[in-house]
Amino acid sequence: MMITVKSIIGNIKKDTNLGQKYDEMRRTASAACETIKISRLESERVRMRKTSDQGTDVALTLPQGTHLKHGDVLLLAENKMLIVEIEPENVAMLEIKGNLDDDDIISLPVTVGHTIGNLHRPIKIEENKIYFPIQADSEIDMFRKLLGSANQHIKITNTKIVFEPDEAMNIHEH
């Protein structure tokens, strides 16, 4: 049987009621909660066909401009909830060390912003960390070279996370 989804009901991470319903359904009947896994790039598609982790065939025909997010609820019935799960991806994590002097307060953010911006990467900012997607671990070394003397104030590592760019900073990639 195929389920056709035409809209997003809400998100378990943003809607307290949906989050509680999800937790309750997982506790009482874990089979009631199904997920479809998609990549971040697929999250921008409005038409696709996927199979849930429990074998349900799902056709998505969403309105133009819809952007799926981790935790979106696609179906909510008495005995079933279907959730979107964005797959983790490789990202660079750039962390400001905090050893800035007055001269670096302006130059460091400009250098970092210019470098990442020139490569047209979407970013996510959390506390003193900047995350952006990479395809290969070798890109970390490339960023270190591009950042030059700014490296004394930053630490760049690679990690794997569910990357959801900040809305205002989600630009196209090349």
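The values are calculated or read from the model by the stated rules, or taken from the named source; none is laboratory data. Just so you know, these numbers come straight off a predicted model, no measurement behind them. Methodologically, a virtual Cβ is constructed for each residue, glycine included, from the backbone with ideal geometry; neighbour enumeration extends over all protein chains shown. Side chains included, ligands, DNA and RNA excluded: accessible areas come from the protein's heavy atoms. Shrake-Rupley method; radii C 1.70, N 1.55, O 1.52, S 1.80 Å.
Just SER138, SER52, SER43 to compare: in a GNM of the chain, with alpha carbon springs under 10 Å, which one fluctuates most?
Top of the fluctuation ranking is SER138.
Pick out, in residue order, every one of the trypsin sites (Lys or Arg not before Pro) in region 6-37 that is DSSP loop and has at most 16 other C-beta atoms within 10 Å; say none if there are none.
LYS6, LYS13, LYS14
Run the accessible area of the chain with a 1.4 Å probe and give the carbon-and-sulfur part as a rounded percent.
Within the chain, the accessible surface is 49 percent carbon and sulfur.
Excluding ligands, DNA and RNA, what is the solvent-accessible area per residue of the chain at a probe of 1.4 Å, expressed in Å²?
Computed with neighbouring chains in place, this is 58 Å² per residue.
Name the most mobile residue of PRO88, PRO122, PRO109, meaning the one with the largest mean-square fluctuation, in a Gaussian network model of the chain with Cα contacts below 10 Å.
PRO109
Under the Kirkwood approximation for Rh and a Cα-based Rg, what ratio Rg/Rh is obtained for region 1-103?
Rg/Rh: 1.13.
Work out, in µm²/s and without decimals, the Stokes-Einstein translational diffusion coefficient of region 70-135 at 20 °C, 1.002 mPa s, Rh from Kirkwood over C-alpha pairs. Don't jump to the answer; show the numbers that get you there.
Working: Rh = 14.9 Å.
Here the translational diffusion coefficient equals 144 µm²/s.
Counting every Cα pair in region 112-155, what percent are over 16 Å apart?
36 percent
Any idea what angle helix 138-147 forms with the longest principal axis of the chain, computed on alpha-carbon atoms, 0 to 90 degrees, nearest 10?
Helix 138-147 and the main axis of the chain meet at about 40 degrees.
Take the chain, mark every one of the GluC sites (Glu not before Pro) that falls in a DSSP loop and has at most 14 other Cβ within 10 Å, then report the longest stretch left between them, sites excluded.
Within the chain, the longest run free of exposed GluC sites (Glu not before Pro) spans 1-77.
Using only the C-alpha atoms of the chain, find the volume of their convex hull and express it per residue in Å³. Spell out each step's value before the answer.
Numbers: hull volume 23.8 nm³, N = 174.
Spread over its residues, the Cα hull of the chain gives 137 Å³ apiece.
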